[in-house]
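The values are calculated or read from the model by the stated rules, or taken from the named source; none is laboratory data. For clarity, every value in this text was computed on a predicted model and none was experimentally measured. Every residue, glycine among them, receives a Cβ derived from its backbone with ideal geometry; neighbour counts consider all protein chains shown.
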2 protein chains.
Amino acid sequence: MNALNISVSAKLYNKNPEETDLGKRILSKSIELMEEMGYEHVTFKKIGLAIESTEASVYRYFQNKHQLLAYLINWYWGWLEVKMAQEFMMLNSAEDKLKRAVELLVLPMDEDERIPHIDEGTLQRLVVAEYPKIYLTKEVDAENEEGYFLSYKRLCDTLGILALQINPDYKYPHSLFSTVISAAQSQQFFTEHLPRLSDAANDRRAIIEFLTEMTLNSIQKR
Amino acid sequence: MNALNISVSAKLYNKNPEETDLGKRILSKSIELMEEMGYEHVTFKKIGLAIESTEASVYRYFQNKHQLLAYLINWYWGWLEVKMAQEFMMLNSAEDKLKRAVELLVLPMDEDERIPHIDEGTLQRLVVAEYPKIYLTKEVDAENEEGYFLSYKRLCDTLGILALQINPDYKYPHSLFSTVISAAQSQQFFTEHLPRLSDAANDRRAIIEFLTEMTLNSIQKR
DNA sequence: GCAAATATAATAGTATTACTATCAAATAAA
DNA sequence: TTTATTTGATAGTAATACTATTATATTTGC
């Protein structure tokens, strides 16, 4: 077992991939493959090949590619939340915590050696490139009931609570942080691929400053 | 010919659908079908059936489903820009223009009778549900060079210029408006499907207030 | 240590999708 | 009215997203 375990809803897999060696290889290789060739071009057959096993084996762990992506993205948000909780212990003001949260959303991730089968840096790039695809479907309502988006919602709540500590009268904490988290992802994507949609020429610090200003200016009492 | 024509880059179609009756039926029915059953579940075969023609006919106008979606979404942003330009003529301050722009992004659209083959209200709902899918692909760089995202970029520019009229020192006009436009879409989606990610219980006015505050507070000199 | 249960590998097969190609009939343009 | 263009009808192909089956490992419970 791992020193650290990120819990992901049991509805997000057929058979828990964290419990077997093959399962971990599926996670590790599908992160790699999806980041490299893009979600649309990945098939369970290709994953089977990459893990030196078969398509059928992958199906034993995940019902389909969409569920696998949802698993990985949930894992990422869950892991980010743990990271934030750890770092928040050292910080004393809600404002500092929010600033640090924005940094964690945008700065590249180092690998966590406690979890050798997941490369957090690659996973972060995968999330930047694919995350809205897990909810932009006609199945969203059914999947929402299955808990497909729990970790994302929890993260928004957590940050929203910090905002209310700064200004208890702020009316839009959930909207603000779903916007900020989403903007953190898309600004990273835009600086790389559609630079005219951002003002941060490949400079993560500028993205952080933009988001931090936007967040704090929105919350502030006036 | 139409009284009003929204121009869409010629790279977004094989054969211009605005020029023939069949082409217009393709546009009209694919908006309907995609909004109704979701992008993933639409096929050219189904569109062919819906327009009482064949799969092959649809392929004569669009290379594939992705290009068709890109066409429709570009058409939407192009049309919104025209709408905004019309309304801005009546308004005298940059702030009023920005406020109105946010409203146009969020309020439901009435049909424009000058363009009978496009139902703008349905198209708007389609854009809310699908727009990031046109750039979240591995082909984004190639498609960007083909002009797949021009109308979106132009819209962000236009609004960014208004922001600079309010505060010429504001450093992030492009980032801000790509964020605001994107948030306008996703907040509409969240209030309907993932309400815990917003604070606007099915109330478009609340979304507008949230976005307007966020925008103006970000720009303001302080 | 052995029987029973479970996990995996290898393979086959099906329906659907995303196209490409062909050709004749209809329509429009010169 | 000849010629070109557009459409309709049909066929075909490779890939995808699965489901099913069976033999062989591997693990677990007793």
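Quick one: would you say A:Ser178 is hydroxyl-bearing (Ser, Thr, Tyr) and within 9 Å of chain B (Cβ to nearest Cβ)? The answer is yes for A:Ser178.
Based on this model, can you work out whether A:His66 counts as within 9 Å of DNA strand D (Cβ to nearest atom) and within 25 Å of A:Cys156 (Cα to Cα)? Criteria met by A:His66. Residue check: is A:Gly23 free of Cβ contacts under 8 Å to residues at least 12 places away in the same chain and either surrounded by 17 or more Cβ atoms within 10 Å (Cβ to Cβ) or within 12 Å of DNA strand D (Cβ to nearest atom) (or both)? No, not satisfied. The single residue among B:Val58, B:Val8 that is touching a Gly at 6+ places or on another chain (Cβ under 8 Å), modelled with pLDDT under 95 and surrounded by 22 or more Cβ atoms within 10 Å (Cβ to Cβ) turns out to be B:Val8. Only one of the numbered conditions (1) more than 10 Å from DNA strand D (Cβ to nearest atom); (2) surrounded by fewer than 21 Cβ atoms within 10 Å (Cβ to Cβ) is violated by B:Gly48, and that is (1).
Does at least one position in the stretch A:92-110 carry a residue that is acidic (Asp, Glu) and touching an Asp or Glu at 6+ places or on another chain (Cβ under 8 Å)? Scanning the stretch A:92-110, I find at least one residue that is acidic (Asp, Glu) and touching an Asp or Glu at 6+ places or on another chain (Cβ under 8 Å), so the answer is yes. Restricting the stretch A:143-159 to residues that are crowded, with 20+ Cβ neighbours inside 10 Å and touching a helix residue (DSSP H, G or I) at 6+ places or on another chain (Cβ under 6 Å) leaves a set whose member that is nearest to the other protein chains (Cβ to nearest Cβ) is A:Cys156. Candidates in the stretch A:121-142 are the residues that are touching a residue at least 60 places away in the same chain (Cβ under 8 Å) and more than 10 Å from chain B (Cβ to nearest Cβ); of these, the one that is surrounded by the fewest Cβ atoms within 10 Å (Cβ to Cβ) is A:Thr122. Taking the stretch A:28-45 as the range and being away from DNA strand C (no atom under 14 Å from the Cβ), acidic (Asp, Glu) and within 14 Å of chain B (Cβ to nearest Cβ) as the test, the residues that pass are A:Glu35, A:Glu36. If the condition is being over 18 Å from B:Lys15 (Cα atoms) and within 10 Å of DNA strand C (Cβ to nearest atom), then the stretch B:46-57 contributes only B:Lys46.
The residue pairs whose first member lies in the stretch B:194-222 and is facing chain A (nearest Cβ under 7 Å) and part of a loop (DSSP other than H, G, I, E, B), whose second member is surrounded by fewer than 15 Cβ atoms within 10 Å (Cβ to Cβ) and among the basic types (Lys, Arg), and whose beta carbons are closer than 8 Å, counting only pairs six or more residues apart or on different chains, are B:Asp199/A:Lys171.
Specify which of the listed residues (B:Leu211, B:Leu197) is over 19 Å from the mean Cα position of the chain (by Cα) and at pLDDT 95 or above.
Checking each option against the conditions leaves just B:Leu197.
Would you confirm whether any residue within the stretch B:66-83 is within 14 Å of DNA strand C (Cβ to nearest atom) and free of Cβ contacts under 8 Å to residues at least 24 places away in the same chain? Checked against the condition, which is being within 14 Å of DNA strand C (Cβ to nearest atom) and free of Cβ contacts under 8 Å to residues at least 24 places away in the same chain, the stretch B:66-83 yields no hits at all.
Where helices (runs of 4 or more DSSP H) sit wholly within the stretch A:1-69, those with at least 1 residues that are aromatic (Phe, Trp, Tyr) occupy A:44-50, A:55-61. Of the residues screened, B:Ser93 is not one that is within 16 Å of DNA strand D (Cβ to nearest atom) and either under 19 Å from the mean Cα position of the chain (by Cα) or not acidic (Asp, Glu) (or both). Residue under question is A:Val102, and the condition is that it be closer than 27 Å to A:Ala206 by Cα, surrounded by 19 or more Cβ atoms within 10 Å (Cβ to Cβ) and either within 14 Å of chain B (Cβ to nearest Cβ) or within 16 Å of DNA strand C (Cβ to nearest atom) (or both); does it hold? Yes.
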